[in-house]
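Trainee: The structure follows.
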């Protein structure tokens, strides 16, 4: 039988500890295929391809996550059983000592009960964390702004990704065009100081109108009339969002032209004054 020294025992114990800590750590929600595509350098606003390698990779990662969760629960169960085997006899002995009138045994019994209660709470909480993945705390955002503007664009992108695969081809294309128009309207109104009609309409389209419309469509019976109604309502939203963007573009162009006329008059007057001074 080979000799087992202390260093080998410590190494095995450390390795086992790392494995157990990895298995029982809280589960993390894996990104869906659209988020994987985003992290791969792809424009997240492009139509998501069907049957892509990213989708296959996402499914494989989710399967691996489920296996890790199962092994984590097994490891947690083993730790709980070992803890019960350790604490159970100890509680029995301390209980006998307390019944015999030992104050020290009573104090130790109370401390052991507190430790056992804490261990049970920790085990239950960790098991819950393994089973339930937390919600994403940082949604995918492509707008380099803070506050409501970035949140609205991220929510709009999430709405697009949630519904686009379930729609027929014409409705999917219309949804994508409407989402892009809404995104552009959000961007051109992002720096507005006051909540004007354009800003309000863009925010409402991203926050309520599009999600409510798509939810109502999914709840309706799958008929051609429902498809026609969806296309019509998406067209209403898209036209309004495009008008917001075009109006803002016109305002920017007029402001630029006005600034150009101001500079032209300013420096023309300055040049005229310089010519008069030179003649004198």
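The values are calculated or read from the model by the stated rules, or taken from the named source; none is laboratory data. Bear in mind the structure is a predicted one, so any value in this text is a computation, not a measurement. Using ideal geometry, Cβ is built from the backbone for each residue, glycine included, and neighbour counts are taken over all protein chains shown.
Trainee: The conditions are (1) part of a helix (DSSP H, G or I); (2) under 19 Å from residue 155 (Cα atoms), and residue 190 fails exactly one of them. Which is it?
Mentor: It is condition (1) that residue 190 fails.
Trainee: Something else: Could you identify the single residue in 216, 179 that is in a helix (DSSP H, G or I), within 28 Å of the chain's Cα centre (by Cα), assigned by TED's automatic domain parsing to the domain that holds residue 167 and buried (at least 19 other Cβ atoms within 10 Å of the Cβ)?
Mentor: Answer to the selection: 179.
Trainee: May I ask you to verify whether residue 273 is surrounded by fewer than 11 Cβ atoms within 10 Å (Cβ to Cβ) and either at pLDDT 85 or above or not assigned by TED's automatic domain parsing to the domain that holds residue 166 (or both)?
Mentor: Against the criterion (surrounded by fewer than 11 Cβ atoms within 10 Å (Cβ to Cβ) and either at pLDDT 85 or above or not assigned by TED's automatic domain parsing to the domain that holds residue 166 (or both)), residue 273 does not qualify.
Trainee: Please give the number of the condition residue 225 fails out of (1) touching a helix residue (DSSP H, G or I) at 6+ places or on another chain (Cβ under 9 Å); (2) assigned to a helix (DSSP H, G or I).
Mentor: (1)
Here's the yes/no breakdown for (1) at pLDDT below 70; (2) loosely packed, with under 12 Cβ neighbours inside 10 Å; (3) outside the structural domain of residue 175 (by TED's automatic domain parsing); (4) under 30 Å from residue 162 (Cα atoms):
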site: 29; (1), (2), (3), (4): yes, no, yes, yes
site: 48; (1), (2), (3), (4): yes, no, yes, yes
site: 53; (1), (2), (3), (4): yes, no, yes, yes
site: 69; (1), (2), (3), (4): no, no, yes, yes
site: 89; (1), (2), (3), (4): no, yes, yes, no
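Trainee: While we're on this one: Residue by residue through the stretch 107-126, note down the ones that are free of Cβ contacts under 8 Å to residues at least 12 places away in the same chain and farther than 22 Å from residue 73 by Cβ.
Mentor: 107, 110, 111, 114
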